[in-house]
Amino acid sequence: MADTAKPKGGGTARSTGGRRRSRKDAAPSIADEQPKTLLEYYRQMLLIRRFEERTAQAYTQARIGGYCHLNLGEEATIVGLMTALQERDYLFTNYREHGYAIGKGIHPRRVMAELYGRSTGVSKGWGGSMHMFDTETRMLGGYGIVGGQLPLATGAALAVSYRGGDEVVMCQMGDGTTNIGAWHESLNIASLWNLPVVFVVINNYTGMGTTVEKSSAEPELYKRGSAFRIEGVRVDGQDVLAVRDAATDLVERARSEQRPFLLEAMSHRMKGHSVVDPAKYRTPEQVEEAKANDPVASFESQLLEAGVLTEELKQEIADSVRDEVTDAADFAENSPHPDVATLFDYTYATPVANESRRMPADPVFAD
Amino acid sequence: MSVITYRQALRDTLRAEMHRDENVFLLGEEIGVFEGSYKITEGLLKEFGERRVRDTPIAEEGFVGAAVGAAMLGLRPVVELMTINFSLIAIDQIINHAAKIYGMFGGQTSVPMVIRTPGGGGQQLGATHSQNIELFYSFIPGLKVLAPSTPAEAASMLRAAIRDDDPVLFLENLGLYNTKGEVPDGDDTVAEIGRAAVTREGTDITLIGYSRMAMVASQVAEKLAEEGISVEVVDLRSLRPLDRETIVESVRKTGCAVVAEDDWLTYGIGAEIAASIQEGAFDWLDAPVRRVAMAEVPMPYAKPLETAALPSPESLITAVHETLRAVGRRVG
Ligand SMILES: Cc1ncc(C[n+]2csc(CCOP(=O)(O)OP(=O)(O)O)c2C)c(N)n1
Ligand SMILES: [Mg+2]
């Protein structure tokens, strides 16, 4: 359906239909890309892969506490999405965000130090795995409450619009998140108020152990924007170039047209929901499928085949990534724990009379 | 000095703050075209336009959360929630987000926003529309909760809330909107958050209240003075932080206390006050601390039932008399 008659380009656009830029008509090919660019994507994907493997290891060694959700299988999606953002653009994510933090430009050392709960961590040891935040790179938070980031991202876009700025807000979430009230309220508000926000659903087929089919009455999630006249696009999340192009298109349209968009990236979760989940609910076929769809391995073989990557170069990149991850872990390991004396530093931004600074066994009245 | 209503004091302050700071804007249901369910924002859409006075869909979680996100980027949203009952729809954004974002991210971003909302029963609105659940928010570190009882306080405390860098739940009361009081002309005083006030000095007993019950406490004190009972009234004003020092100092002087609260007794705000008094003034207490609170039922619609369920001036007077009798100092 043509969308010209509707005020906000109503209806659902499919990845194959609606209005597309010409370069989007065909699947992007590595033949059209600069080798340098491709190698950079490959390196970033590998960095996230090795970082997360190291994270799992450190978690098992009890160096990392709490819940720990990994981006294994999501590497192509992350690199594609982060490439589409300008430095000035804002990012909100859920709790599965270590790779996004790195992709948005936070040094892996600071991400690992946060996982270790150290004061050098990106959130100074106050957030942990689920709550990475960095003002400078405009990574405005990982959020542990499913759907919690959606109203926030919408509000950030409202602030951009209020000031007449040209930044775009990207709001990442999982497939399961499209069923919570905050999804419906936020997409409605974003569309009503013409806000420059791109909602990105990472469809890894499941929320914990519940499949999309079991939780979403409309399992083709990109279509769910149509209730709000938000154009939705589905993209193969295993293909870094496809994700980059689809995301760039929507981000730039959000910027120039000042309205929200929805992107659904079809992805795979290679391991359990979190490090401690053995994912016994998965059939052997599903496990095989996830393995067969390993985005790092398939991009690697594509690059090798195209001659962009050589065995020599591959080894070089692998070594440098390994060193970077080792360095991050060493940095975290050798960083100080936050001083207990700082316990009351972050309750209020504006100091206030009679704020309680009582330790558990202290009397209420000191005298 | 002018005598104006609590409603007018709120409206004047909102208008002045919007003129003072371009980052201050209002959002909420029916605040623009409809001019507010309780007409607090009357005239403001006409004066400031849709950018600054934003009508929202009925989506409390969505628009409260949007205010949090906008505040993270440095705007100063003032949200109106029609009544505190509807804040329950937004409670995830208030408690899990607004209150947590400053600490959870190691102090990297503050959330300078205000949520204005009235509590209050007594309007025959029935069970879902008559609750006083400010306790939920007063329980949460990271939030500040203010509960002014007079027009002058409403103005100076709203100013403080808007200029503060933390999320503030600003509790109003349906029963206070039409009450009048003196407000200095061209007033620009900014109340100090976290401070209670002794609004009437006395020597026999301390009466502690906030919001509507602070006003009722003052009226009761006036009445009891005619009987020769000298009541000291403490208006809490700030429910979080709680100014325990002022409460305890007063009780150390009078030796006994009655807490007047518009919420339910069990686990209520009065419970915290009573616990604080026993810890801070144990040796000065001549009688147990009494609490006057709502009957613990879903609020009924029928007028006689509703009236019976709510704390009244008479119920306060009874509690004062009985406490003084327990003290053995005076028989009312
Ligand atoms: C409001 C809320 N309910 C439940 C949970 C527990 N929980 C954490 S992750 C999750 C599954 C979310 O699935 P999805 O959105 O698909 O994201 P994924 O984990 O697959 O990346 C659940 C139920 C939560 N954190 N917040
Ligand atoms: Mg999922």
For this session: Determine which member of the set A:Lys214, A:Lys223, A:Lys280 is in a loop (DSSP other than H, G, I, E, B), surrounded by fewer than 24 Cβ atoms within 10 Å (Cβ to Cβ) and basic (Lys, Arg).
Result: A:Lys280
Problem set entry | Among the residues listed as A:Glu167, A:Glu213, the single one being more than 14 Å from ligand 1 (Cβ to nearest atom) and either among the charged types (D, E, K, R) or touching a helix residue (DSSP H, G or I) at 6+ places or on another chain (Cβ under 9 Å) (or both) | A:Glu167
Exercise. How many of the residues making up the range A:197-210 are under 19 Å from A:Gly80 (Cβ atoms) and either more than 12 Å from ligand 1 (Cβ to nearest atom) or open to solvent by less than 60 Å² (accessible area, probe 1.4 Å) (or both)?
Worked result: 8
For this session: Please tell me if A:Phe228 is open to solvent by less than 10 Å² (accessible area, probe 1.4 Å) and of a type in the set (Phe, Trp, Tyr).
Result: no
For this session: Hey, can you tell me all the residues within the range A:321-366 that are surrounded by 13 or more Cβ atoms within 10 Å (Cβ to Cβ) and away from chain B (no Cβ under 14 Å)?
Result: A:Val321, A:Arg322, A:Glu324, A:Val325, A:Asp327, A:Ala328, A:Ala329, A:Phe331, A:Ala332, A:Glu333
Exercise. Within the group A:Val235, A:Val169, which residue is buried (at least 23 other Cβ atoms within 10 Å of the Cβ) and either more than 24 Å from B:Ala70 (Cα to Cα) or within 16 Å of ligand 2 (Cβ to nearest atom) (or both)?
Worked result: A:Val235
Exercise. Mind checking which pairs have a first residue in the range A:195-219 that is within 30 Å of A:Asp89 (Cβ to Cβ) and a second that is open to solvent by 60 Å² or more (accessible area, probe 1.4 Å) and part of a loop (DSSP other than H, G, I, E, B), Cβ under 7 Å, 6 or more apart or different chains?
Worked result: A:Val212/A:Tyr205
Exercise. Restricting attention to the range A:74-93, and to residues there that are of a type in the set (S, T, N, Q) and open to solvent by less than 10 Å² (accessible area, probe 1.4 Å), which single residue is farthest from A:Ser335 (Cα to Cα)?
Worked result: A:Thr77
Seminar exercise, completed: Of the conditions (1) under 22 Å from B:Gln219 (Cα atoms); (2) touching a residue at least 60 places away in the same chain (Cβ under 8 Å), the single one that B:Leu158 does not satisfy is (1)
Exercise. Any idea which of B:Thr254, B:Thr266 is hydroxyl-bearing (Ser, Thr, Tyr), surrounded by fewer than 19 Cβ atoms within 10 Å (Cβ to Cβ) and touching an Asp or Glu at 6+ places or on another chain (Cβ under 8 Å)?
Worked result: B:Thr266
Exercise. Quick one: in the range B:205-242, which of the residues that are free of Cβ contacts under 8 Å to residues at least 60 places away in the same chain and crowded, with 21+ Cβ neighbours inside 10 Å is farthest from A:Thr350 (Cα to Cα)?
Worked result: B:Ala221
Problem set entry | Hits in the range A:170-198 (condition: of a type in the set (Asp, Glu) and within 13 Å of chain B (Cβ to nearest Cβ)) | A:Glu185
Problem set entry | Filter result for A:Gly209 (within 15 Å of ligand 2 (Cβ to nearest atom) and touching a His at 6+ places or on another chain (Cβ under 8 Å)) | yes
Exercise. Which residues, taken from the range A:283-299, are surrounded by fewer than 18 Cβ atoms within 10 Å (Cβ to Cβ) and closer than 19 Å to A:Leu38 by Cβ?
Worked result: A:Ala297, A:Ser298
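The values are calculated or read from the model by the stated rules, or taken from the named source; none is laboratory data. Only a predicted model underlies this, so the values are computations on that prediction, with no experimental measurement involved. Here the Cβ is made from the backbone with ideal geometry for all residues, glycine too, and neighbour counts use every protein chain on show. Surface accessibility is based on the protein's heavy atoms, side chains included, excluding ligands, DNA and RNA. Shrake-Rupley method; radii C 1.70, N 1.55, O 1.52, S 1.80 Å.
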